[in-house]
Structures are given as C-alpha cells and as structure tokens.
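Right, one structure below, let's go through it.
The values are calculated or read from the model by the stated rules, or taken from the named source; none is laboratory data. This is a predicted model, so every value here is computed, not measured.
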Amino acid sequence: MLIPQLPAKRARVAASSTPFADRRLHADVYSLVAVLYQRVDDERHHTAFHESGHAVAAYRLGWPFSYVTIEPSDMTAGHLHSLPVLAEPLPYLGRKDRIDIVRSVKVSLAGVIATRAAGFHDPYDGSDGDYMDVLALLNVLCDGIDDLETTIVRLADETAEMLREQKTWALVEAVASALLHRRTLGYRAVHNLAMRCSA
C-alpha cells in the first residue's frame, strides 16, 4: 500500500501526548485523517483495477494502446491512451469496422467489470464516460433499443468471461499492482507482465 495506514494505537498515543485540553477531540481529528487516507487509498486501488481492466482487455483483444495510467486529470482518475482505429465518421460499416466496434466496446466495459470482480462496488465508480462510449459505438451498430440492450448484455458477458480466465485475471492483478507503484505503464510493460503471467 502506498499510503500508510494510521492505526488506532497511534491515534491514542497522539491524543495522550497532546497539550490540548480536549484530547478526545484531537483523537477524533486524527481518526478522521486516518479515514480520509484510507478513502484515498481505496480510490487508488479502485482506479488501478479499473484501468488495468481496460489495458488487459485491450491487450488480449489486440486493441492498440500506448499507455495506461492512474494519474488523475481534470476529467478522469486515470485512462487508457488508445491509438485511433475507427475512422470518424463511419459512412459505411464493413466487417472490419464492426469487429473494431465490438473490440472497443469490450475494452470500455472491461474497466467496471474488473473493479467489480476485484470486490469494489460503485462507491468511486467513474465509468460514466465508458458507458457513454459504449452507447455511442453501439448506436451505430444496433437496430433499436432492444437490439442495443441485448448486445450490451452479450458483450458484457463475453468480456467478463475473458477477464475470468485464470491467466487473464492474474494479468489484471499484476497490471493493477504495477500501476499502484509506477502510476503509468506503457504497452511494452503490459506485454512483459503478460509474458510473466502466461509462463
């Protein structure tokens, strides 16, 4: 863990040695700081698994990317920097375009699937942008709301099944751990981790 835990014993020692008249207030403030540190640490772990899910799905599906990061920006807590594959706009959907849309959707869905598989359930879920990307891409591909709903469920199930594979999940965990320590990983670093996980 990168942010140290602040144990209750340390809070009690700090409270007993403080010159403040109200030692209980001081201990409460110290405990609040410990809770805030824990929340920041939880958010970093959540983001690391989320971005790892994107990166591993992209790697497994052959979707090109240059790096993945948990460095926050104005808009996100982290991101996968994908290389452009789809032409904008898509005047005609050929077979390759359809395959690329499906791969892109799976990469977008993999972040939230990975965080939930790791035991995180929504408190810091910043997947709104991912869901908007999925809807925009599938709107081009699907015929009506029923087809859209069926397609999202099918692609989410396929993505979850891919991430559940033993070596793939080991890679998700390895990339998340590396992101917690290095914050940013290039494609080559993800590839090297994949080679170690599949050995």
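Checking each residue in segment 117-156 for being of a type outside the set (A, V, I, L, M, F, W, C) and under 19 Å from Val68 (Cα atoms) picks out Tyr124, Asp125, Gly126, Ser127, Asp128, Gly129, Asp130, Tyr131, Asp133.
Counting just the residues of segment 89-132 that are under 15 Å from the mean Cα position of the chain (by Cα) and among the charged types (D, E, K, R), which one comes out modelled with the highest pLDDT? Only one residue fits best here, namely Lys106.
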